[in-house]
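Chemist: One structure follows; several queries about it will come next.
The values are calculated or read from the model by the stated rules, or taken from the named source; none is laboratory data. These figures come from a predicted structure and were not determined experimentally. Positions of Cβ are generated from backbone atoms using ideal geometry, with glycine treated the same way; all protein chains shown enter the neighbour counts.
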Amino acid sequence: MPVTFAIIKERKNPPDRRVVFSPEKCAELMDRYRDAKIIAESSAVRIFLDRAYKDWGIDVKDDVSEADIVLGVKEVPIEALIPKKKYFFFSHTIKKQPYNQKLLRAVLDKKIELYDHETIIKENGARLIGFGYYAGLVGAYNGFRALGLRNGIFELPKVENLPDLIGVKAELDKIILPSDLRIILSGTGKVSSGAKEILDHLGIKEVSDTVYLTSNFSEPVYCMIDVMEYNRRKDGKAGDKYEFYKDPSGYESNFMPYAKVSDMFIAGHFYGNGAPYLFTREDARNPDFRINLVSDISCDVDGPVASTLRASTIAEPFYGYDPKTESETSFDAKDAITVMAVDNLPCELPKDASEGFGEMFLENVIPAFFNGDKDGILFRARMTTENGTLAERFEYLQDYVDGKLD
């Protein structure tokens, strides 16, 4: 049965230039699936011009209401939602975010089937698609940009002013890092893998946690730590990360040993509800707390990384955290912790991020439309039904939907 997909124009401000499918991926989709048609809504913002889609044989239109399935990146404004369609976008509603309560209610009222990109998972719960890797790349680069500006030792251009990842790496090739720089990187997922790629490209030596905590170095080094390195059981027994994921209440932070010997912290971990904070405001006041630059890619505001008071922006990515007053100051203030906490980092690398996301979406999601969803991809991801109700997996959102709308 023929299926028509539409790439929609991103309407959220500030503008987001990313897209689910590049022109080339659109053509590949239609070549693989002869029953598939894909159209693109005209956009002056998108990283790939309308002309590029036309060159690959993709129809570009002002009205895409003929589509069965609508593909976007950011939240779709309520007034732009087309009733009785299947929509894919990051809705930012699955954690009951207050600012999008009206959006989810509108989705239900318009009898839209919503598939949030975050809910596209394997049977074991692992996410199948996302922009995390690109957030890691840009977040790590921004950390070094902050270091250079604050210390006056080099200047790196903004990623948004560079053409692609090749351009990013070419700029990194021009800098020289302090010989005594010590970096701690938290996490082992897609975000931290992107950050690790930047560290490795710079030729920074990776060492184990034991060596990192006990040795002196004459060259820049970094250490990558997972949840069982920066958390420990309160009773002193050996920890188990699967036990931790299930119930972290019996654990406490073990991050301070790393904070005492690190200059820079790249936060690439995933923080689960109820887990211990990595470091608190009290920790940051400790005389032995050495970290003076935090690139918080995870960006959980007022949470596990105490210096992250707010999300910063691509336009103004850096600010300072004064541990003594627990307040914001300038990013280069004396005795301040320099903070990078941009919460939409992949937007700075729209071409690479879009191409990578499209590859994942084509391989992991599109087949489900043509194989009867044999792996349950769409079944697990569907948040709302064509009848205007929440799908069973997401019935926990009912009180959020029923709550008083501002």
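Chemist: If you scan segment 288-306, which residues turn out to be under 20 Å from GLY152 (Cβ atoms) and surrounded by fewer than 23 Cβ atoms within 10 Å (Cβ to Cβ)?
Modeler: The one that is under 20 Å from GLY152 (Cβ atoms) and surrounded by fewer than 23 Cβ atoms within 10 Å (Cβ to Cβ): ASN292.
Chemist: If you take the residues in segment 130-155 that are part of a helix (DSSP H, G or I) and among the aromatic types (Phe, Trp, Tyr), which one is farthest from LYS174 (Cα to Cα)?
Modeler: Looking at residues that are part of a helix (DSSP H, G or I) and among the aromatic types (Phe, Trp, Tyr), I get TYR133.
Okay, residues lined up against (1) of a type in the set (D, E, K, R); (2) surrounded by fewer than 20 Cβ atoms within 10 Å (Cβ to Cβ):
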site: GLU10; (1), (2): yes, no
site: TYR33; (1), (2): no, yes
site: ASP63; (1), (2): yes, yes
site: VAL73; (1), (2): no, no
site: PRO83; (1), (2): no, yes
site: LYS102; (1), (2): yes, yes
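Chemist: Every residue in segment 1-30 that is of a type in the set (Gly, Ala, Ser) and not in a helix (DSSP H, G or I), please.
Modeler: ALA6, SER22
Chemist: Ok, one more. How many of the residues in segment 12-27 are more than 19 Å from the chain's Cα centre (by Cα) and buried (at least 17 other Cβ atoms within 10 Å of the Cβ)?
Modeler: The total comes to 5.
Chemist: Look through ASP240, ASP247, ASP283 and report the one residue that is without any contact (Cβ under 8 Å) to a residue 60 or more places away in the chain, farther than 22 Å from SER192 by Cβ and among the acidic types (Asp, Glu).
Modeler: It is ASP247.
Chemist: If you take the residues in segment 156-176 that are in a loop (DSSP other than H, G, I, E, B) and acidic (Asp, Glu), which one is farthest from ILE314 (Cα to Cα)?
Modeler: Result: ASP173.
Chemist: Could you list, in sequence order, all residues of segment 212-223 that are exposed (fewer than 12 other Cβ atoms within 10 Å of the Cβ) and assigned to a helix (DSSP H, G or I)?
Modeler: Scanning segment 212-223 gives a single hit, THR214.
Chemist: Would you confirm whether or not segment 93-104 contains a residue that is within 29 Å of PHE279 (Cα to Cα), outside the structural domain of SER330 (by TED's automatic domain parsing), out of contact with any Pro (no Cβ under 9 Å at 6 or more places or on another chain) and among the β-branched types (Val, Ile, Thr)?
Modeler: Checking segment 93-104: at least one residue is within 29 Å of PHE279 (Cα to Cα), outside the structural domain of SER330 (by TED's automatic domain parsing), out of contact with any Pro (no Cβ under 9 Å at 6 or more places or on another chain) and among the β-branched types (Val, Ile, Thr).
Chemist: May I ask you to say which residue of LYS54, LYS74 is over 16 Å from ILE366 (Cα atoms), in a helix (DSSP H, G or I) and either at pLDDT 95 or above or among the charged types (D, E, K, R) (or both)?
Modeler: Selected residue: LYS54, the only one of LYS54, LYS74 that is over 16 Å from ILE366 (Cα atoms), in a helix (DSSP H, G or I) and either at pLDDT 95 or above or among the charged types (D, E, K, R) (or both).
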